[in-house]
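What follows is one structure encoded as structure tokens, with my remarks underneath.
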Amino acid sequence: QVQLVESGGGLVQTGGSLRLSCAASGSIFRINTMGWYRQAPGKQRELVAAITTGGIRNYVDSVRGRFTISRDNAKNTVYLQMNSLKPDDTAVYYCTGNVMGMDYWGKGTLVTVSS
């Protein structure tokens, strides 16, 4: 069993920054791709950013240049540095990790950007 726990969400003003963290624990030999999704009220969940074990990154267009995903493989942790935040970034942010072909999800952390 694998557990993912997010932290770092909160309330921030437009233009501010937050750093999300997600630590994985449990029966882990290696975590493959890790990523961050978000779901805003009334909208579908969308992929925000993903990073492979080797460090290849992928971003949704709306956050490219403002968000940076990174990971520490030794700590089984993935991060999301979010800068120049906008009200449209308000959502619950979920961490994911792929272990042996199975995708695991955290419970989410709320990010609220006030205008």
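Data overview
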| quantity | calculated |
| --- | --- |
| Rounded percent of accessible protein surface that carbon and sulfur make up, the range 1-52, 1.4 Å probe | 50 |
| Anisotropy class of the range 25-77 from Cα gyration tensor, a/c 1.5 cut | oblate |
| Proximal aspartates and glutamates relative to LYS43, as straight alpha-carbon distance under 20 Å, when same-chain residues fewer than 8 apart are discounted | ASP61, ASP88, ASP89 |
| Spin-label pair SER25/LYS107, simplified geometry with 7 Å Cα→Cβ offset, distance in nm | 1.3 |
| Separation between Cα centres of the range 57-100 and the range 1-30, rounded to whole Å | 9 |
| Surrounding net charge for TYR94, when Lys and Arg each add one and Asp and Glu each subtract one, Cβ distance under 10 Å | +2 |
| Cβ crowding within 10 Å averaged over residues, with 8-15, 47-54 ranked highest first | 47-54, 8-15 |
| Relative contact order of the chain, pairs being alpha-carbon contacts under 8 Å that are 6 or more residues apart, as % | 37 |
| Potential extension, SER84-SER70 segment - 0.36 nm per residue separation minus Cα distance | 3.3 nm |
| For the chain, convex hull volume per residue from C-alpha positions, Å³ | 92 |
| Karplus-derived HN-Hα couplings along the range 41-54 (A = 6.51, B = -1.76, C = 1.60, θ = phi - 60°), whole Hz, x at Gly and Pro | x, x, 10, 6, 5, 10, 6, 9, 7, 9, 9, 7, 4, x |
| Per DSSP, loop trypsin sites (Lys or Arg not before Pro) in the range 19-73 with at most 11 further Cβ within 10 Å | ARG30, LYS43 |
| Charge context of ALA50, other residues only, Cβ under 13 angstrom, K/R +1, D/E -1 | +2 |
| SER62/SER115 FRET efficiency (R0 22 Å; Cβ-Cβ; nearest 0.05) | 0.85 |
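The values are calculated or read from the model by the stated rules, or taken from the named source; none is laboratory data. The structure presented is a predicted model; accordingly, all values stated were derived computationally and were not measured. All Cβ positions, even for glycine, are placed from backbone atoms using ideal geometry, and neighbour counts span all protein chains on display. Quick note on the areas: whole protein, heavy atoms, side chains included, nothing else; ligands and nucleic acids left out. Shrake-Rupley method; radii C 1.70, N 1.55, O 1.52, S 1.80 Å.
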